[in-house]
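**Student:** Structure in structure tokens, see below.
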Amino acid sequence: MTDVIFRPATRADLPAIVALLADDPIGAGRETVAEEVDAAYWQAFDAIDGDPRNTVVVAELGGEVVGTLQLIMIPSLTRRGGTRMEIEGVRVAAAHRGAGLGRRMIDWAVAEARVAGCSLVQLTTDKRRADAQRFYESLGFAATHEGMKLLL
């Protein structure tokens, strides 16, 4: 795992990213994996790629995309005008789970937040992902708020 490279995703990475997003029971129910990547994913990727406060990152090992996450920088008036980093869409390829890659990805993202001068890193995880909740707690994250969503 020492040869893992973290880098901004490119359009060429999108099929692998979509496959990672769908590679669990929850993601399989809400993502669409097909031979041709759905146009909605291309549009979303282009919008993210064009936003300087928003980055999709891939973890690459031996030329293969084995993990992904999205980093969103959010300027705020709270916390004395501090910027927070939101970590979203964290996924590790099934063959690489349990080997420390997820920990390295989050540690890398937190280090990036520090370099950017963020005052806070936040993330959410589905309540059905008990293992993920324990994982984030082991990294120092605390469940301090109750998240609310409204599907449109």
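The values are calculated or read from the model by the stated rules, or taken from the named source; none is laboratory data. Since we're looking at a predicted model, the values are computed, not measured. Here Cβ is always computed from backbone atoms with ideal geometry, including for glycine, and neighbour counts include all displayed protein chains. Note: areas computed on protein heavy atoms with side chains; ligands, DNA, RNA excluded. Shrake-Rupley method; radii C 1.70, N 1.55, O 1.52, S 1.80 Å.
**Student:** Any chance the range 115-130 includes a residue that's in a helix (DSSP H, G or I) and surrounded by 11 or more Cβ atoms within 10 Å (Cβ to Cβ)? Talk me through it step by step, then tell me what you get.
**Tutor:** Restricting attention to the range 115-130, the residues satisfying the condition of being in a helix (DSSP H, G or I) are 115, 130.
After this cut, where a residue has to be surrounded by 11 or more Cβ atoms within 10 Å (Cβ to Cβ) as well, the list is none.
Looking for residues that are in a helix (DSSP H, G or I) and surrounded by 11 or more Cβ atoms within 10 Å (Cβ to Cβ), one finds none in the range 115-130, hence no.
**Student:** Moving on. Before we move on, is residue 121 modelled with pLDDT of 90 or more, of a type in the set (Val, Ile, Thr) and over 22 Å from residue 2 (Cα atoms)? Please lay out each step first, then the result.
**Tutor:** On the way: modelled with pLDDT of 90 or more: yes; of a type in the set (Val, Ile, Thr): yes; over 22 Å from residue 2 (Cα atoms): yes.
So residue 121 passes the test.
**Student:** Scan the range 5-23 residue by residue and report those that are among the β-branched types (Val, Ile, Thr) and outside any loop (DSSP other than H, G, I, E, B).
**Tutor:** Let us first name the residues in the range 5-23 that are among the β-branched types (Val, Ile, Thr), namely 5, 10, 17-18.
If the condition is that a residue be among the β-branched types (Val, Ile, Thr) and outside any loop (DSSP other than H, G, I, E, B), then 5, 17, 18 are the ones that fit.
Yes/no matrix, rows are residues, columns are (1) touching a Lys or Arg at 6+ places or on another chain (Cβ under 7 Å); (2) open to solvent by 50 Å² or more (accessible area, probe 1.4 Å); (3) not in a helix (DSSP H, G or I):
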| site | (1), (2), (3) |
| --- | --- |
| 3 | no, yes, yes |
| 34 | no, yes, yes |
| 43 | no, yes, no |
| 59 | no, no, yes |
| 72 | yes, no, yes |
| 84 | no, no, yes |
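**Student:** Of the residues in the range 131-151, how many are closer than 21 Å to residue 26 by Cα and either of a type in the set (A, V, I, L, M, F, W, C) or open to solvent by 100 Å² or more (accessible area, probe 1.4 Å) (or both)? Walk me through it before giving the result.
**Tutor:** Here is the first cut: in the range 131-151, the ones closer than 21 Å to residue 26 by Cα are 131-137, 143, 146-151.
Next, from what is left, pick out any that are either of a type in the set (A, V, I, L, M, F, W, C) or open to solvent by 100 Å² or more (accessible area, probe 1.4 Å) (or both): 131-132, 134-135, 137, 143, 146, 148-151.
The qualifying residues number 11.
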